[in-house]
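Below: one structure, written as structure tokens.
The values are calculated or read from the model by the stated rules, or taken from the named source; none is laboratory data. Computed from a prediction, not measured in an experiment: that's the story for all the values here. Cβ sites come from the backbone with ideal geometry, for glycine too, and all protein chains shown count toward neighbours. What goes into the accessible areas is simple: the full protein's heavy atoms, side chains included, and nothing from ligands, DNA or RNA. Shrake-Rupley method; radii C 1.70, N 1.55, O 1.52, S 1.80 Å.
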Amino acid sequence: MSQLYDEIGVGYRDFRRPDPRLEAAITRALNQAETVVNVGAGTGSYEPSDRSVVAVEPAMTMIRQRRPGSAPVVQASATELPFRDAGFAVALAILTVHHWPDQARGLDEMARVVRRRVVVVTWDPSTSGFWLTDDYFPEIVEIDRPLFPSIEDFRRALGRVEVQPLPIPHDCVDGFLGAYWRRPHAYLDAGVRSAISTFAKLHDMGRGLDRLRRDLEDGSWVRRYGDLLDQPEIDLGYRIVIAAKT
């Protein structure tokens, strides 16, 4: 994970900004936690500013892009968190678990260092129906589906979990893979793609880009998916998984 983001992380902050609606949902999931460890923190999106936060991030490229005044950061791996047992109220991980070399160990580490709950933002690999991956880049699903932990994987690692849908607004400002579902032209932008880790793993995206460009130019995309242009938000399989400690 560190090597991947050291390679693709340059300029990451320009496209990956916290969306206020997603931020509100994540903050609700954190509940009233007074201390938070943010594991796989990246540039620090969604870290609450009204409580004590410590960030953990392995990639120095990402650490260097953290804003002045952001939470203190420790360069470390999720699989070996350098903290004592129950040292935080809550552990947070946002769209990062699929990058971990040992997901079960990382989740176990998150549970070890907290007193109250573990909160993970992830994508449910059992979902389907996103036009970008269905019609243009099916290889993305082939890459991502084995990498993302299933909900049952979370249950095995954390015990009983609450799973909340995280619908994506049509004008989402956090440029992860599903953010531009109602703005298809954005995926033709190399800068947009550079901030989405899965695109960096594709060996050849030319065919998919050519087809998307052609379908946008001749109106095929609108004929197939024009109904999306009236939807304010959509469920693409993103989830908030919450495991409360008893």
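Does region 176-187 contain any residue that is assigned to a helix (DSSP H, G or I) and touching an Asp or Glu at 6+ places or on another chain (Cβ under 9 Å)? Checked against the condition, which is being assigned to a helix (DSSP H, G or I) and touching an Asp or Glu at 6+ places or on another chain (Cβ under 9 Å), region 176-187 yields at least one hit. Contact map, region 85-105: residues that are under 16 Å from Arg16 (Cβ atoms) paired with residues that are among the hydroxyl-bearing types (Ser, Thr, Tyr) and open to solvent by less than 10 Å² (accessible area, probe 1.4 Å), Cβ distance under 7 Å, separation 6+ or inter-chain. Pairs shown: Leu95/Thr122.
Residue-level analysis places Asp135 among those that are in contact (Cβ under 8 Å) with a residue 24 or more places away in the chain, over 30 Å from Ser52 (Cβ atoms), of a type in the set (Asp, Glu) and surrounded by fewer than 19 Cβ atoms within 10 Å (Cβ to Cβ). Restricting the first member to region 173-189 and to residues that are modelled with pLDDT under 95 and of a type in the set (Phe, Trp, Tyr), and the second to residues that are assigned to a loop (DSSP other than H, G, I, E, B) and open to solvent by 20 Å² or more (accessible area, probe 1.4 Å), the beta-carbon pairs closer than 9 Å and six or more apart or on different chains are Phe176/Leu95. For region 72-81, the criterion of being of a type in the set (Asp, Glu) and part of a loop (DSSP other than H, G, I, E, B) is met by no residue.
Here Ala157 meets each of (1) in a helix (DSSP H, G or I); (2) under 24 Å from Arg17 (Cα atoms) with one exception, condition (2).
Kindly evaluate Asp124 against the criterion of being touching a residue at least 24 places away in the same chain (Cβ under 8 Å), open to solvent by 10 Å² or more (accessible area, probe 1.4 Å) and of a type outside the set (Lys, Arg).
On the way: touching a residue at least 24 places away in the same chain (Cβ under 8 Å): yes; open to solvent by 10 Å² or more (accessible area, probe 1.4 Å): yes; of a type outside the set (Lys, Arg): yes.
Judged against the criteria, Asp124 is a match.
The set of residues in region 114-134 that are over 21 Å from Ser45 (Cα atoms) and either touching an Asp or Glu at 6+ places or on another chain (Cβ under 8 Å) or among the hydroxyl-bearing types (Ser, Thr, Tyr) (or both) comprises Pro125, Ser126, Thr127, Ser128, Thr133.
If you check Arg116, Arg64, Arg84, Arg112, which single one turns out to be over 19 Å from the mean Cα position of the chain (by Cα), farther than 30 Å from Pro232 by Cα and modelled with pLDDT under 95? Lay out the reasoning, then the answer.
On the way: Arg116 fails: modelled with pLDDT under 95; Arg84 fails: modelled with pLDDT under 95; Arg112 fails: modelled with pLDDT under 95.
Selected residue: Arg64, the only one of Arg116, Arg64, Arg84, Arg112 that is over 19 Å from the mean Cα position of the chain (by Cα), farther than 30 Å from Pro232 by Cα and modelled with pLDDT under 95.
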